[in-house]
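Here is the structure we will look at, set down as structure tokens.
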Amino acid sequence: MSTTAATGALKERTSVRPARILLHVFLAGTALAWLAPMLWALYAALRPYGETSTKGYVSWPDRLSLDNFTNAFTQSDMTHYFVNTLVIAVPAVLLTLFLSSMVAFYVSRFDFRVNLALLLVFTAGNLLPQQVIITPLYRMYLLIDLPGITMSGKLYDSALGLVLIHVAFQSGFCAFVLANYMRSLPHELTEAALVDGASVWRLYWQIVLPLCRPAMAALATLLSIWIYNDFFWALVLISTGENMPITSALNNLSGQYFTDPNLVAAGALLTAIPTLIVYFLLQRQFVSGLTLGANKG
């Protein structure tokens, strides 16, 4: 009798439900839809332009090579623009996480009447479209003189200007996420530290902040990708070509009268490599940060 029951239970476990099949088909189709443009760009980047112009892109290749990747890397001076992007992205990510964590610590661990209003002010900045403020912001950047600090002597056309605008626009979202996470931490930890004589700074730096490591890693991954892929602010607030970030380096692959799409596809794939590296390095922390609070009642 027990053997029959066990066999029936095993069949129930191994039986595949139609809904589960449809779910897997949907997920596989969604994954292919997301991967199709990248795979098509990779296929075009591996083919010479002369072949695709003659036979078309929907054709069997005569040969595949990495020549477009080599030419894209050298012609666009990609190493120089990678360095420019690091100079912008690394300080922007660190400053955003540091400042937003301090705001989140204040609004989540201390009870004041302005807590909610302060958090709303920071979050409301993300609701403002960038295109709305670009004209007054552009004029303000031109009026701010920074002699001896930036190469241009102004906030305009400088890496510092891009760092500040990224910090301003990304801090609201990070403060909102970190504040919600810090509220889930036990208040007994901070209360015990205060009884033991810990200062507010020590409470923030040595007790609360280390516990926020998963959330900080998830936000660092998102910020790195968002700031690295930014094109709008760099296009408006940078005028000198040598100061442009990596997203603007692809413009060097376009000629005045002719553009090689295969070469541009290779350059676009090369610029995407650092974001993939950041994601794979922080993948575990990123996934754990996204699922924070999923099991909380």
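Quick check on residue 125: is it part of a helix (DSSP H, G or I), touching a Phe, Trp or Tyr at 6+ places or on another chain (Cβ under 6 Å) and either at pLDDT 90 or above or farther than 13 Å from residue 238 by Cα (or both)?
Judged against the criteria, residue 125 is not a match.
The condition of being modelled with pLDDT of 80 or more, open to solvent by less than 80 Å² (accessible area, probe 1.4 Å) and out of contact with any Leu (no Cβ under 9 Å at 6 or more places or on another chain) does not hold for residue 144.
For the stretch 166-179, the set of residues classified as surrounded by fewer than 22 Cβ atoms within 10 Å (Cβ to Cβ) and of a type in the set (Val, Ile, Thr) consists of 177 only. All conditions in (1) in contact (Cβ under 8 Å) with a residue 60 or more places away in the chain; (2) of a type in the set (Phe, Trp, Tyr); (3) out of contact with any strand residue (DSSP E or B) (no Cβ under 8 Å at 6 or more places or on another chain); (4) in a helix (DSSP H, G or I) hold for residue 106, with the sole exception of (1). In the stretch 250-270, what count of residues is obtained for those that are in a helix (DSSP H, G or I) and over 13 Å from residue 41 (Cα atoms)? Number of matching residues: 4. Residue count for the stretch 230-253 satisfying the condition of being exposed (fewer than 15 other Cβ atoms within 10 Å of the Cβ) and out of contact with any His (no Cβ under 8 Å at 6 or more places or on another chain): 7.
For the stretch 273-288, a tally of residues being hydrophobic (A, V, I, L, M, F, W, C) and surrounded by 15 or more Cβ atoms within 10 Å (Cβ to Cβ) returns 3.
The conditions of being open to solvent by 30 Å² or more (accessible area, probe 1.4 Å) and of a type outside the set (A, V, I, L, M, F, W, C) are not met by residue 61. Each residue in the stretch 74-98 was checked for being under 23 Å from residue 46 (Cβ atoms), open to solvent by 80 Å² or more (accessible area, probe 1.4 Å) and either under 23 Å from the mean Cα position of the chain (by Cα) or hydroxyl-bearing (Ser, Thr, Tyr) (or both), and 1 pass.
The single condition among (1) in contact with a helix residue (DSSP H, G or I) (Cβ under 8 Å, 6 or more places away or on another chain); (2) of a type in the set (S, T, N, Q); (3) modelled with pLDDT under 90 that residue 224 does not satisfy is (3).
The values are calculated or read from the model by the stated rules, or taken from the named source; none is laboratory data. This is a predicted model, so every value here is computed, not measured. FYI the Cβ positions are ideal-geometry reconstructions off the backbone, even for glycines, and counts take in every protein chain you see. Note: areas computed on protein heavy atoms with side chains; ligands, DNA, RNA excluded. Shrake-Rupley method; radii C 1.70, N 1.55, O 1.52, S 1.80 Å.
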